[in-house]
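Each remark here refers to the structure printed beneath this line.
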Amino acid sequence: MSLPTLHDHHRPLGSTGLRVSPLGLGTVKLGRDQGVKYPNGFTIPDDQAAHLLLAQARELGINLIDTAPAYGRSEERLGPLLRGQRDQWVIVSKVGEEFENGQSHFDFSAAHTRRSVERSLKRLETDRIELVLVHSDGNDLAILEQEGVYETLAALKREGKILGYGFSGKTAAGGLKALEQGDCAMVTYNLNEQAERPVLDYAAEHGKAILVKKALASGHICLAPGVDPVQASFELLFAHPGVCSAIVGTINPVHLAHNVATVARILGRP
Ligand SMILES: NC(=O)c1ccc[n+]([C@@H]2O[C@H](COP(=O)([O-])OP(=O)(O)OC[C@H]3O[C@@H](n4cnc5c(N)ncnc54)[C@H](OP(=O)(O)O)[C@@H]3O)[C@@H](O)[C@H]2O)c1
C-alpha cells in the first residue's frame, strides 16, 4: 500500500491565486537553536539531512515552506537547498524581527522593510517571494497603525517582488486589523491556545488566508498522555473552515510522515 500524501488536498491560499498543501514546513530548526522554546534540545540538521527532509516533504505533497530573517541561517540555507526546485515551492518569509548574537530586535520602518525583503530575495536566490508576513513583537495594533511596514509591503506587491503579504501577530485585535488590508494572518491556534479564533472566523467569511503556527504548541502538546495529541491537534484545526494550512516545524522524518498521514486521514474522511 502506498503512503498517504497531501497531493490531493492542496487548497487556495485565501484570495492570492496560490494553492498550498494543508501542512507546511516550518524552518526555525534549520537555522537557529538559541532562544527557542522547544521541549527538547536538538542539533541543527546538516545540508544532507536538510536535503532529505525537503525531498521527503515534497514527495508527501508539501509545497509550502515558512522561513524568516529571524530564524538564524534558515533563509540563507534555503537558497542553495531549493536550487532547481524553486517553482515547486510556495515560500513564506517575514520582516520586522532580526535575531543577532542571541537577541531579537525589531524594526518595522518602511526603509528596513524594503531592505529586509531585498535581502530575503537574495538569500533565497529568487526573484519573488510568494508571501511576506510582518513578524510582530506583540504590539500588533501599534505596528499596523504607526509603522510603515504594511504600506511598504503593499508597494512591494505592486512591484511584483512579493505576491502577497500579511501579519504574524499575537493578538486577535491585531489579526483582525491586519486582514482588512492584508492577504493572510498567521495565528497561534492549538489545543492549549485559541484566543485568536475570531481571526479564523473573519478569514473564513472574507476569503482571507490563515496559516497556523505552533499547531502542536511548539511540541509541548506531544508530551500529553492519552489520545494521540497530533491527531487531536489537527482535528481541532481542520474543523475550522478558515484554516488553510498548519506550519509545523519538524526536523524528524518520522514525525513528518506521521503528521502528513494524520492530516491526509482527517481531510480524506467523507
Ligand atoms: N512569530 C512567528 O511568526 C512564528 C512563531 C513561531 C513559529 N512560527 C512558524 O511556525 C512553525 C511551527 O512553530 P513551532 O516550531 O514553534 O511549533 P510546532 O510546529 O507546534 O512544534 C514543533 C515541535 O513539535 C515537534 N513535533 C512535530 N511533529 C511531531 C510529532 N509528530 N511528534 C512529536 N513531536 C513533534 C517538533 O520536534 P521534531 O523536530 O523532533 O519533530 C518541534 O520541536 C515554525 O517553524 C515557524 O516556521 C512562526
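Computed from the coordinates by the stated procedures, all read-outs in this text should not be read as laboratory data. It should be emphasised that the depicted structure is a prediction, and the values quoted were computed from it without experimental measurement. In this analysis, Cβ positions are derived from the backbone assuming ideal geometry, glycine residues included, and neighbour counts consider all displayed protein chains.
Show me the ranking of peptides 90-96, 235-241, 261-267 by mean Cβ neighbours inside 10 Å, starting with the highest.
Highest-to-lowest ranking by the protection proxy: 90-96, 261-267, 235-241.
Note that the range 25-72 carries a Kirkwood radius of 11.7 Å, evaluated over its alpha carbons pair by pair.
Compared with the alpha-carbon gap, the fully stretched path from Glu100 to Leu52 is longer by 14.5 nm at 0.36 nm per residue. Ile44 sits among other residues whose Cβ lies under 11 Å from its own Cβ, and their net charge, with Lys and Arg +1 and Asp and Glu -1, is +1. Straightening the chain between Ala154 and Arg128 buys 8.0 nm, computed as 0.36 nm per residue apart minus the Cα-Cα spacing.
Neighbours of Ser2 by Cβ distance under 15 Å: Lys/Arg scored +1, Asp/Glu scored -1, total -1.
Residues whose amide H lies under 5 Å from that of Arg19, counting only those 5 or more places away or on a different chain, are Leu13; hydrogens are built 1.01 Å from N in the peptide plane. Residue ranges 165-178, 187-200, 22-35, 100-113 sort as 165-178, 22-35, 187-200, 100-113 when ordered by packing (mean number of other C-beta atoms within 10 Å per residue, highest first). Between Gln181 and Arg119, the modelled labels are 2.3 nm apart [label points 7 Å from Cα along Cα→Cβ].
When the convex hull of the C-alpha atoms of the range 163-270 is computed, what volume per residue in Å³ does it have?
Spread over its residues, the Cα hull of the range 163-270 gives 113 Å³ apiece.
Karplus-derived 3J(HN,Hα) values for the range 202-217, using 6.51 cos²θ - 1.76 cosθ + 1.60 with θ = phi - 60°, are 4, 4, 4, 6, 10, x, 9, 8, 10, 10, 9, 9, 6, 4, 9, 6 Hz; glycine and proline are entered as x. Here the range 71-111 is treated as a Stokes sphere of Kirkwood radius computed over C-alpha pairs; at 37 °C and 0.692 mPa s its diffusion coefficient rounds to 269 µm²/s.
Quote the convex hull volume per residue of the range 94-138, based on C-alpha atoms, as a whole number of Å³.
Output value, Cα hull per residue: 79 Å³.
Once you treat every alpha carbon in the chain as an equal point and sum by Debye, what is log10 I(q)/I(0) at q = 0.08, 0.09, 0.15 Å⁻¹? Those come out to -0.28, -0.36, -1.11, one per q.
What is the diffusion coefficient of the range 121-226 in µm²/s, taking the Kirkwood radius over Cα pairs and the Stokes-Einstein relation at 20 °C with a viscosity of 1.002 mPa s?
Rounded to a whole number, D works out at 147 µm²/s.
Taking 0.36 nm per residue of sequence separation and removing the Cα-Cα distance, the Ala110/Asp137 pair yields an extension gain of 8.1 nm. Gln34 to His240: FRET efficiency via 1/(1 + (r/R0)^6), r the Cβ-Cβ distance, R0 30 Å, to the nearest 0.05? E(calc), rounded to 0.05, equals 0.35. Seen from Leu267, the other residues with C-beta closer than 10 Å to its C-beta sum to a net charge of +2, counting Lys and Arg as +1 and Asp and Glu as -1.
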